[in-house]
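Peer 1: Below is a structure I'd like to ask you about.
The values are calculated or read from the model by the stated rules, or taken from the named source; none is laboratory data. Everything numeric here is computed off the predicted structure, so don't read it as measured data. Don't worry about glycine lacking a Cβ; one is built from the backbone with ideal geometry, like all the others, and counts go over all protein chains shown.
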């Protein structure tokens, strides 16, 4: 009997105060009986856009190591989807794109959802250059398109 596809990998921000990023995404999925495998892109005191914020991006070697460790767990046959959200650095964009590419290569039925969180009505939280890095990392011919963007 095949393993149930009841896990979602969430590559997103983690905040201590507030309801954004992986905190919100994981909660909704868990209510729907989906296991959440969370990979933090940043560790912040609160969401960006407030007057102050503490913390910063997950160090690149640690971020890459967490994703590699997930691949080595040999659990992808239990994963139904991968979600990317707020990314903390340009290096993370490419690492996440490579990770999703490896997953889609081995398991094309896994759904990929891309939510490139970059700001809100108050403006961008990230440098304007992020838009270019996102489009380069996910462009046709280099990486699979997201099923949902």
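Peer 1: Might you let me know whether the stretch 128-144 holds any residue that is within 16 Å of residue 12 (Cα to Cα), at pLDDT below 85 and within 14 Å of the chain's Cα centre (by Cα)?
Peer 2: yes
Peer 1: If you don't mind, another one. Inside the stretch 8-19, can you point out the residues that are surrounded by fewer than 20 Cβ atoms within 10 Å (Cβ to Cβ) and touching a strand residue (DSSP E or B) at 6+ places or on another chain (Cβ under 7 Å)?
Peer 2: If the condition is that a residue be surrounded by fewer than 20 Cβ atoms within 10 Å (Cβ to Cβ) and touching a strand residue (DSSP E or B) at 6+ places or on another chain (Cβ under 7 Å), then 16, 17, 18 are the ones that fit.
Peer 1: Find the residue count for the stretch 16-34, including only residues that are in contact (Cβ under 8 Å) with a residue 24 or more places away in the chain, within 15 Å of the chain's Cα centre (by Cα) and under 25 Å from residue 68 (Cβ atoms).
Peer 2: Number satisfying all stated conditions: 3.
Peer 1: Something else now. Quick check: anything in the stretch 68-77 within 22 Å of residue 30 (Cβ to Cβ) and assigned to a strand (DSSP E or B)?
Peer 2: no
Here is a yes/no grid of residues against (1) assigned to a loop (DSSP other than H, G, I, E, B); (2) touching a helix residue (DSSP H, G or I) at 6+ places or on another chain (Cβ under 9 Å); (3) within 27 Å of residue 109 (Cβ to Cβ):
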site: 10; (1), (2), (3): no, yes, yes
site: 20; (1), (2), (3): yes, no, no
site: 23; (1), (2), (3): no, no, no
site: 33; (1), (2), (3): yes, no, yes
site: 36; (1), (2), (3): no, yes, yes
site: 56; (1), (2), (3): no, no, no
site: 66; (1), (2), (3): no, no, yes
